[in-house]
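The block underneath contains the structure these notes are about, expressed in structure tokens.
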Amino acid sequence: MSASNVYYELYRRSSIGVALIDSLDELIKDSKIQPQLAMKILSTFDRSISEALTDKVKSTRLSFKGHLDTYRFCDDVWTFIILDVHFKMEGNEAIVADKIKIVANNVKKPGEP
Amino acid sequence: MLSSANPNVRFFGALTYTVKLNSDWQSIPPESVSQLLLQLLNWFLALGHGPRFITQKLAATLLLALIKFSESSDSIWPYPIQDVVISVARNIPTVGTRESIDDEAFQNMVQSLDAHDLSMVLLLCTTFAEEISRADVPRQSRPPLYKLLLDSTHHALAVIKPILTTPPSSITSPDSFYPVLVSVLNSFRAWTISCVLADANAPVVSTLASFLPSVIEFLQIESDKSVYATVVDVLIDFMEWADKLVTAESMKILLALFSSPYAASKIEKVVATTEVNHEDITEAFLNFFISFGELVAKDIAVNLGRLEYRRIVDLTAELLRIPGFPIEDENVSNRTLEFWDLFVESILYDNDGALLVSVEDVRFSDAQSIMMQVISLLWIKLRLPDSSIAVRWTQDSRDGFFAFRKDVADLIESSYQLVQTRLYSVLVQFVIDSMSVTPIDWPGVEASLYALNAITQSLTSDPPEFELLQTLLDSRLVSVLPSCPLLRARQTSLSLIASAIPYFQTDTGKKYIPTVVPYLFQCLASPSLALHASRSIFQLCSECATALRDDVPGFLSIYRAMLTHGGAIDAIAKERIAGAIAEVLQQGVDDLALRTVYLSDLVDVLGEYAEEAVRLANDPTAASDARDIAASALKSLAMVGKACRGVEDIDSTSTSSGLDHHWNSDGASGRLVKDKILEIVGAISHLPAFAGDITIRQNATGVLKAGLSESLPGPFTWAADVILGYIRDEIVSVGKLDTLQPVLTLAASLVASYSSSGTPDIHHLCVQLLDVLYTGALVPNNALTSNSDPDVNQGTLEILSKFCQRYLDVILASPHFESLILQFGVAMVTAKEPLVVKSAVKFWNDLLNLSPDSQSPAIAHAIKQVIDISGPLLMSAVASSISGAAPRSLVTEYAKLIKAFFRTNTGPAQQWLTVAFQIENCTADKARARHTFVEKIARLRGRPPTETIVKDFWIAERGQTFDYV
């Protein structure tokens, strides 16, 4: 397995990932970089955001309650769809959502030692 | 630099070599590599009699060169250790000998080395092994380097073996022997671990391992601290990195050592003193003992019934009896925590993490007793120091001590599965016992509450511990806590109350809320407790309002004092308390008249607070305080408003009309309260100092929004014209477009709340709102120019979306229709800011998705006209965007608009899009691609996979041959 695909690509769909992709698109459009370099940058992003979330994000207690509507486990990925969710955070902050989807990937990818 | 008389300059010279090698090694031609290595070895020999730190740096530099150049050639230095021995023996640098010399000759050469020469060779051996296995050595360089290491082992062993195999009893000259022995042990450790990393199954690894019993024998040398500590380090590293090399025989020897009376006497010595730096080998022995325990914790858990294993557990527990505060006075108890964690884990779980616990198992009951004893000993260690002692501690000691307490809390939590309710019961008893002495043992109370909190926060669904909590609450704890001089004990009690909220939600627990909440209110007077206390107050007040209704006057009085004198108290705490009192009023006070009286008092308290803000606002030096107080007063009012929601009439005699009269009729007591609330909002909003301040606007709109979703009249249900009045004032009078966003959000909420069936019709107000919006926000904002404020544009689009449901005719009949919809609405679809584009697309989607059947014929006709006019303009904007102009993140938004158009107006949409693509002006290939795209989209009529097709089209139009994402 090459170093580039060791990390998940799921954070590319986050706001910061989307913004990065838009910027790379612009640079490619203006012929300032090649798509191959953009791919490398995105691989670096996959690694960096994964590391940053692991090492630099302070853990915060959060609990939530809701009704589990659907769950599945396929290709090492758990998916839960939960309805009427009440999140309780530190400092008594509360957030309500009609529906949330939790996608949980294994920290290690399949086949990784 | 290396020739300098100044040792620091010589070190810097060696360092410069390292830096230069790292950056420019590739620029050195292959024919010069040997020369460079020779030069470095020459310096290493020349400076060998100087300070150690320079020789070490040079050794590392030499090995770095070897590692770097091995990347390009794997045979630049086939026998490095042999060459170093030759160089040192002859004092002539030798590099790159192509043949291994005869073993006997080599052995003779090694034996000819004096102690200094030997230490030079050993330094290079150690550095060689360490540098090769460093994590930053490139992966591709490792195989040849590992081969070099394994191949050089017989040379290294020729140096190491004679000393390792010397029996301790035969040493006659310790002074010269011990330093060499330390160097040999370090080399042996580094070399063996690197060989294991290179190839654990290599034959040389077992050869190296065969010397481990000799190393263990050196534990007999207790007269030299450094030898003993080095032996310990070697053995710990072996067990950690190469445990397979530690034979059963060696383990047996070590096990016997640590369970012997000798070990007990050493532990006794540690416990008898708080001395941190022992003169003899005690510290090293302690290190070894604790590390050994950690490394064999699993074996200990499995063999708990065997005497020698049990002995180690008992001795580790004995270490907790060392006197003094952890970290500040002693550094032993904290080091045992890892062992206890591993021990508990090994008792509870198997290798796969499956729970093993069985009450039938003797091992399990033994482990229970052990952990009960351990936690009792740790409880003593949790006790806080006296203030006279704590004041002398450094910040590091304080941080270390509190980190220790957290680690103990984690251990208590993890061992709870093993010891269960028994521990909870003991801790509750500790609290009671600590209170039974005179004066009360507050550090003891605090330590017990702290430990209880560690367990309580992980309890779920009505466990038996709740009964024990009852015992605690039946004691005099809550009544004596207010007079507790130890602030942290009160903090800990607040944490425990917060953790026990699930208990207070039970029927039994609810009975104790009236006991606990007044204590929490008392804590509000202290700024450092207020935040914690307010959180629990808010939760308990909403849980058990009825039980607290008689306490409202007392709560109000405390709250008034808190706002008047509690300058240092966090604003969040103040806001929570306002909400908490309102929760009690709303849910607990049935009588509407009495509830109104209390609410009036609460609003009066907040009114006085707001007056303070107004007074301070006139003083330029207090402007920041004034703003903070004003913002907090409004936020508190909004909290009260939220708490007053859900007015399912508690007073059964009141009907909807009765409530309407109470809250809305002139002169009615409820109406007077409402007027006071509006006065506060108005007084703050109209103050020039706060005009247009975004936080003030946010909080003020929060008060006005609080009752928008209510179906029955209440203290925060405002007439729509009141809200519109505020919006008009803020937009027209105050202006300040860049902070208008909260006001626009309020306007959108207002329209939405009057759009559902059963709500009053506010057409006439919507006409005014649209006019205010257009003339007051949109026109001054110059929405169609590039420097317009995106928040205003987005807010306006969101309001227009809300109009679609019930008040679309207001837009259609508006004199500003053309500017609002055909210019602004269309232009925003290609705005620069993604959020504005998303709002614009939502607006058009809302409009397109309106069912013609649910509209009057006139409205349906008007909508069709709007679509007919705007359709070509929108499709032109969409065509340009999906042809590559839009950023990738917005392609999905344009796909949504395409889907809506093709689902509701397939024929015209196909025509508009085709025209927009200007196919006749394209190259043949492009024309074909665009034509195919439109046809595909039209066939799908908004169904999947329209979005995918749009995305693929965008990529192709960008001219990319593949999608790199």
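Here are the numbers:
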quantity: Those residues of region B:929-965 which are of a type in the set (Asp, Glu) and not in a helix (DSSP H, G or I), in sequence order; calculated: B:Asp963
quantity: Matching option when the condition is part of a helix (DSSP H, G or I) and within 50 Å of the chain's Cα centre (by Cα), among B:Lys899, B:Lys926, B:Lys864; calculated: B:Lys899
quantity: Members of region B:885-899 that are small (Gly, Ala, Ser) and modelled with pLDDT of 95 or more; calculated: B:Ala895
quantity: B:Leu378 being at pLDDT 95 or above, crowded, with 16+ Cβ neighbours inside 10 Å, assigned to a helix (DSSP H, G or I) and of a type in the set (A, V, I, L, M, F, W, C); calculated: yes
quantity: Contacts under 6 angstrom Cβ, first residue in region B:264-285 being closer than 16 Å to B:Arg311 by Cα, partner at pLDDT below 75 and among the charged types (D, E, K, R), 6 or more apart; calculated: none
quantity: Leading residue by the ranking (nearest to B:Ile497 (Cα to Cα)) among those in region B:444-464 that are under 31 Å from the mean Cα position of the chain (by Cα) and surrounded by fewer than 22 Cβ atoms within 10 Å (Cβ to Cβ); calculated: B:Gln457
quantity: Some residue of region B:188-205 being without any contact (Cβ under 8 Å) to a residue 12 or more places away in the chain and either part of a helix (DSSP H, G or I) or crowded, with 19+ Cβ neighbours inside 10 Å (or both); calculated: yes
quantity: Qualifying residue in region B:576-584 (condition: among the basic types (Lys, Arg), assigned to a helix (DSSP H, G or I) and over 17 Å from B:Cys644 (Cα atoms)); calculated: no
quantity: Residue satisfying condition, being without any contact (Cβ under 8 Å) to a residue 24 or more places away in the chain and either surrounded by 12 or more Cβ atoms within 10 Å (Cβ to Cβ) or out of contact with any His (no Cβ under 8 Å at 6 or more places or on another chain) (or both), within set B:Asp366, B:Asp399; calculated: B:Asp399
quantity: Residues of region A:21-54 satisfying the condition of being hydroxyl-bearing (Ser, Thr, Tyr) and within 11 Å of another protein chain (Cβ to nearest Cβ); calculated: A:Ser23, A:Ser31, A:Ser43
quantity: Residues within region B:228-249 that are surrounded by 15 or more Cβ atoms within 10 Å (Cβ to Cβ), closer than 11 Å to B:Ile216 by Cβ and at pLDDT below 90, tallied; calculated: 2
quantity: Tally, over region B:683-712, of residues that are touching a residue at least 12 places away in the same chain (Cβ under 8 Å), in a helix (DSSP H, G or I) and not β-branched (Val, Ile, Thr); calculated: 11
quantity: Count - residues of region B:299-354 that are without any contact (Cβ under 8 Å) to a residue 60 or more places away in the chain, charged (D, E, K, R) and in a helix (DSSP H, G or I); calculated: 9
quantity: Matching residues, region B:828-861, being assigned to a helix (DSSP H, G or I) and at pLDDT below 90; calculated: B:Pro852, B:Asp853, B:Ser854, B:Pro857, B:Ala858, B:Ile859, B:Ala860, B:His861
quantity: Selection from region B:122-157 of residues that are part of a helix (DSSP H, G or I), touching a residue at least 60 places away in the same chain (Cβ under 8 Å) and among the hydrophobic types (A, V, I, L, M, F, W, C); calculated: B:Leu122, B:Leu123, B:Leu124, B:Cys125, B:Phe128, B:Ala129, B:Ile132, B:Leu145, B:Leu148, B:Ala156
quantity: Boolean, B:Thr906 is without any contact (Cβ under 8 Å) to a residue 40 or more places away in the chain and out of contact with any helix residue (DSSP H, G or I) (no Cβ under 8 Å at 6 or more places or on another chain); calculated: no
quantity: B:Leu637 being modelled with pLDDT under 90 and closer than 25 Å to B:Ala580 by Cα; calculated: no
quantity: Condition check for B:Ile882: within 14 Å of chain A (Cβ to nearest Cβ), part of a helix (DSSP H, G or I) and modelled with pLDDT of 90 or more; calculated: yes
quantity: Filter result for B:Phe538 (among the aromatic types (Phe, Trp, Tyr) and away from chain A (no Cβ under 14 Å)); calculated: no
quantity: Qualifying residues in region A:3-20 (those that are in a loop (DSSP other than H, G, I, E, B) and more than 10 Å from every other protein chain (Cβ to nearest Cβ)) - the one surrounded by the most Cβ atoms within 10 Å (Cβ to Cβ); calculated: A:Tyr7
quantity: Residues of region B:917-964 classified as within 14 Å of chain A (Cβ to nearest Cβ) and either in contact with a helix residue (DSSP H, G or I) (Cβ under 6 Å, 6 or more places away or on another chain) or not hydrophobic (A, V, I, L, M, F, W, C) (or both), total; calculated: 9
quantity: Options B:Arg392, B:Arg422: the member that is out of contact with any His (no Cβ under 8 Å at 6 or more places or on another chain), surrounded by fewer than 17 Cβ atoms within 10 Å (Cβ to Cβ) and assigned to a loop (DSSP other than H, G, I, E, B); calculated: B:Arg392
quantity: Any hit, region B:898-909, residues being charged (D, E, K, R) and buried (at least 19 other Cβ atoms within 10 Å of the Cβ); calculated: yes
quantity: Every pair of residues 6+ apart whose Cβ atoms lie under 9 Å, when the first sits in region B:885-896 and is within 15 Å of B:Ile949 (Cα to Cα) and within 9 Å of another protein chain (Cβ to nearest Cβ) while the second is outside any helix (DSSP H, G or I) and hydrophobic (A, V, I, L, M, F, W, C); calculated: B:Arg888/B:Val965
quantity: Region A:85-113, residues that are modelled with pLDDT under 75 and within 20 Å of the chain's Cα centre (by Cα); calculated: A:Val107, A:Lys108, A:Lys109, A:Pro110, A:Glu112
quantity: Every residue from region B:491-535 that is within 14 Å of chain A (Cβ to nearest Cβ) and closer than 19 Å to B:Val428 by Cα; calculated: B:Leu494, B:Ser495, B:Ile497, B:Ala498, B:Ser499, B:Ile501, B:Pro502
quantity: Any hit, region B:567-586, residues being closer than 18 Å to B:Ile501 by Cβ, away from chain A (no Cβ under 14 Å) and at pLDDT 90 or above; calculated: yes
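Every residue, every condition in (1) of a type in the set (Gly, Ala, Ser); (2) part of a helix (DSSP H, G or I), yes or no:
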site: B:Gly667; (1), (2): yes, no
site: B:Val681; (1), (2): no, yes
site: B:Pro715; (1), (2): no, no
site: B:Ser733; (1), (2): yes, yes
site: B:Val743; (1), (2): no, yes
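Conditions (1) over 38 Å from the mean Cα position of the chain (by Cα); (2) basic (Lys, Arg); (3) assigned to a loop (DSSP other than H, G, I, E, B), marked per residue:
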{"position": "B:Ser223", "(1), (2), (3)": "yes, no, yes"}
{"position": "B:Thr230", "(1), (2), (3)": "yes, no, no"}
{"position": "B:Lys244", "(1), (2), (3)": "no, yes, no"}
{"position": "B:Leu254", "(1), (2), (3)": "yes, no, no"}
{"position": "B:Lys266", "(1), (2), (3)": "yes, yes, no"}
{"position": "B:Ala284", "(1), (2), (3)": "no, no, no"}
{"position": "B:Phe288", "(1), (2), (3)": "no, no, no"}
{"position": "B:Gly293", "(1), (2), (3)": "no, no, no"}
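The values are calculated or read from the model by the stated rules, or taken from the named source; none is laboratory data. These numbers were taken from a predicted model, which means no experiment stands behind them. Please note: Cβ atoms are built from the backbone with ideal geometry, for glycine as well, and neighbour counts cover all protein chains shown.
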